[in-house]
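Structure incoming, see below.
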């Protein structure tokens, strides 16, 4: 037997050993596990029954089918809100006719309107003049990043740069449909 034949024989023996181990492990994995009967524990009753204010899952509300038109319109990230009862209708305001005694007319108060939108949290840090056409590039920053923008560009998917001057940048908030002028920070 030559040296090359012995080498081929040793490789054959090693491959047969690996094949044998693979077959044994595969056979063991495919066997169903042995089971034994285990008795379940007796349910324990507590000395203190749950109070009425304990949190419980109300299956009647979970399983309740809403009307068919509400499909896809529900915010799954909000807890179910109970609808507010309709506001009572107010009687019409009656202003008495002026008499000989002069009394001041009653003061009519109006309910407050919607809250004002929050201010734009951007700062105008500076500008640079571009050689082509004299267009200005504004350097704007928020709390975490700096941005280089030109007129007409959109920033953060919410703001549009309307105008850039050496002293201020006019930014349009597309979410609240309003404009705000950001002065140059010194």
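If I go through segment 167-186 residue by residue, how many of them are modelled with pLDDT of 90 or more and more than 27 Å from the chain's Cα centre (by Cα)?
Total meeting the criteria: 8.
How many of the residues making up segment 158-174 are without any contact (Cβ under 8 Å) to a residue 24 or more places away in the chain and assigned to a loop (DSSP other than H, G, I, E, B)? I'd like the intermediate steps shown before the answer.
Residues of segment 158-174 that are without any contact (Cβ under 8 Å) to a residue 24 or more places away in the chain, as a first pass: 158, 160-163, 167, 170, 172, 174.
Then keep just the ones that are assigned to a loop (DSSP other than H, G, I, E, B); that gives 158, 167, 174.
The total comes to 3.
Another question, if that's okay. Report those strands (runs of 3 or more DSSP E) wholly inside segment 92-157 carrying at least 3 residues which are out of contact with any strand residue (DSSP E or B) (no Cβ under 9 Å at 6 or more places or on another chain), at pLDDT 85 or above and surrounded by 10 or more Cβ atoms within 10 Å (Cβ to Cβ).
No strands (runs of 3 or more DSSP E) qualify here.
The values are calculated or read from the model by the stated rules, or taken from the named source; none is laboratory data. Just so you know, these numbers come straight off a predicted model, no measurement behind them. Here Cβ is always computed from backbone atoms with ideal geometry, including for glycine, and neighbour counts include all displayed protein chains.
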